[in-house]
Every structure is written in C-alpha cells, then in structure tokens.
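K.L.:
One structure coming up, written as structure tokens, with questions to follow.
Rule-based calculations on the coordinates, nothing more; no lab input. Predicted, not measured: the structure shown is a model, and the values here were computed from it. Cβ: placed from backbone, ideal geometry, glycine included. Neighbour counts: every protein chain shown.
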Amino acid sequence: MAMKGCLLLVPCPLDFGGTDTAPDIRQTLPQGALEAAAGLQHWVVENARTARAVLKRVGAVVPLAVPLQQLHMVELPRPPKGRQAQPAPDLRPLLQPALQGHDIGLMSEAGMPAVADPGAALVAAAHALDIPVRPLSGPSALLLALAASGLNGQSFAFNGYLPVDAAERATRIRELEALSRRATQAQLLIETPYRNEAMLSALVTTLQPSTRLSVSCGLTLQAEWSRSDTVARWRAQPRPLPNDVPTVFVFQA
C-alpha cells in the first residue's frame, strides 16, 4: 500500500493576498513554512485568487516546485447563503491526492486555516482517512490580538461573529460580559471589516464603563495598532477604525 501524503495547514499573511506595498512575506511567515509551501503541488484553498497571490510572493523568496499555473488548486465549497442549513458536503474527494501519496496544502484567505476560517471540516475528513495533519507556524490574528490586549491569556473564549441585528447584538454582548465577569475570562470577537465601526460602537455603548476593551487593527501590517483601555476611556477618547483591514475585539469585565 502506497504511503499517504500529509495535509499541511499553511498560514497566510493577514493582508488578504497583499499588494505591492505589502510587507515582505518573510516578516510574517518563517522559513520552514515558506519552504513547505513552495514544495507543494496540490492545494485546497478558501479563495484561489488570494492563494495564487500569496504563492507568487512565496515564489519570489523560495522557488516553487512547479510554475504557478501548473498547481492543482481547488476551492473549499462555500455554504449557501440565506438558506436553511444544508447537509455537510463530502470533502473526501479533495483529499484524493494525499491518498495517492502527495502532500496537500490547506490555505485560508488570511491567518491560520481552520481557526476562525474555513477548513476544519477538511481537517476532520483527513483524520477520518488516517491522513497525517501537520500545522505550520504563522500568524493568527486572534492570538496576536489577545497577546497585545493585556487581558486574561490563561482563560479566554473566541465567539466569532455576533448577530448583525443591533438589538440581538447588544443582548449577546451583555451575555458575554456577564460570562466574562463570572469566569474572569477574556472574550474575543471578529467582524467583517466594513462593519468594524458598528461593532466598536455597539461594544462601547453596551459594555459597562469599567470593562476593559482592546481593539487590534491590521496586525502584522505597516499601519497596525492595538489599544487596550476601559470602556469609559473609549467613550471619552474614541478612535476611528479602518474599514479595510482585519480587526479583533477583546474585552474582559
């Protein structure tokens, strides 16, 4: 029986593929991750356009095993929007190259795949097929923001996206604040970039004045910043948020 390949979880810079002004990729991805990515010929990705842009930057540092145009690249199926929950798709066909002995790379649009990004189901499918899974080192906006917050790094919870409806969102914020107070636990949130300001406004309006709120914008990018302060001081000294970069919100009562 042929030896199986591995599923490599390849981290991606936090600039969504990047532009000519993006930081040198060696500033965010270690040499080992760059070499592993350059050697792969089979990919499962969240967004093929972003993945090719990242691999072009990788290839400028470590030559790719095959030209970019010859890579075998498939996108993860996207769940239908605005519909009732559908049965989970069968992802095993995407792992066929690994069953034939080839390593496969999994890449999201930004950060670590399968952590606040698609891909966990593919990782689970790999385990079910006894395909080795190998995570590579690289940036995760969640952990970077938590480290920069000064809040409880020993007990924290990631809550993903909150409801878009303002009333439902405020209710959820109060629930998480109460949980944070009971458990002395930091609460992490993310939001779609164009709704950053709405999320910050909801947090500053809803949270108690003494609750600490940390906001980290564009981590690892040239204009990155983090601010950790009480909600009272956020109200007294507001700071506008960009609507085009990933932002992580962390609070603790």
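K.L.:
Can you tell me the dipole magnitude for the chain around its Cα centre, using point charges on the Cβ only (Lys, Arg +1; Asp, Glu -1), in Debye to the nearest 20? Numbers along the way, then the final one.
P.N.:
Numbers: 22 positive and 20 negative charges, 92 e Å.
Here the size comes out at about 440 debye.
K.L.:
A further question on this structure: For the chain, what does the alpha-carbon gyration tensor say about shape, rounded, prolate or oblate, given a ≥ b ≥ c as the root eigenvalues, a/c under 1.5 as rounded, and a/b over b/c as prolate?
P.N.:
Values: a/c = 2.26, a/b = 1.71, b/c = 1.32.
Prolate, because a/c is 1.5 or more and a/b exceeds b/c.
K.L.:
Which one, ASP103, ASP15, ASP229, has the greatest fluctuation when you compute a Gaussian network model over the chain with C-alpha springs under 10 angstrom?
P.N.:
Maximum among the listed residues: ASP229.
K.L.:
Kindly express, to the nearest 10 degrees and within the range 0 to 90, the angle between helix 48-59's C-alpha long axis and the longest C-alpha principal axis of the chain.
P.N.:
Long axis of 48-59 versus the principal axis of the chain: about 70 degrees.
K.L.:
So, one more: Check which residues have an amide H placed less than 5 Å from LEU91's amide H, if you skip close sequence neighbours.
P.N.:
Result for LEU91 returns nothing.
K.L.:
Between ALA114, LEU142, GLN185, whose Cα lies farthest towards the positive end of the dipole of the range 106-189 when Lys and Arg beta carbons carry +1 and Asp and Glu beta carbons carry -1, centred on the Cα centre?
P.N.:
Farthest towards the positive end: GLN185.
K.L.:
Still on this structure, please answer the following. Cut-off 10 angstrom, C-alpha nodes, Gaussian network model of the chain. Which of GLY39, GLY138, GLY105 fluctuates the most?
P.N.:
GLY39
K.L.:
Which whole-Hz couplings ³J(HN,Hα) result when phi for each residue of the range 197-211 is put into the Karplus expression 6.51 cos²θ - 1.76 cosθ + 1.60, θ = phi - 60°, listed in order with x for Gly and Pro?
P.N.:
5, 5, 5, 4, 4, 5, 5, 5, 6, 8, 5, 5, x, 7, 5
K.L.:
OK, next. Tilt of helix 166-183 relative to the longest C-alpha principal axis of the chain, in degrees (0 to 90, nearest 10)?
P.N.:
The helix 166-183 is inclined about 90 degrees to the chain.
K.L.:
Helix-only mean residue ellipticity at 222 nm, the chain, DSSP H runs n ≥ 4 weighted -39,500 (n - 2.57), per residue, nearest 500. What is it? Don't skip to the end; give the middle numbers.
P.N.:
Working: 8 runs with 77 residues, N = 253.
-9000 deg cm²/dmol, from helical runs alone.
K.L.:
Which of the peptides 125-136, 204-215 is most tightly packed, and how do the rest follow, judged by the mean count of other Cβ atoms within 10 Å per residue? Show your work: numbers first, answer last.
P.N.:
Details: 125-136: 15.5, 204-215: 18.0.
Put in order of decreasing packing, that is 204-215, 125-136.
K.L.:
Taking every DSSP beta bridge with both residues inside the chain, roughly what % is antiparallel (nearest 5)? Show your work: numbers first, answer last.
P.N.:
Numbers: 17 of 34 bridges.
Roughly 50 percent of the DSSP beta bridges within the chain come out antiparallel.
K.L.:
Between the range 181-242 and the range 118-145, what is the C-alpha centre distance in whole Å?
P.N.:
One Cα centre to the other: 28 Å.
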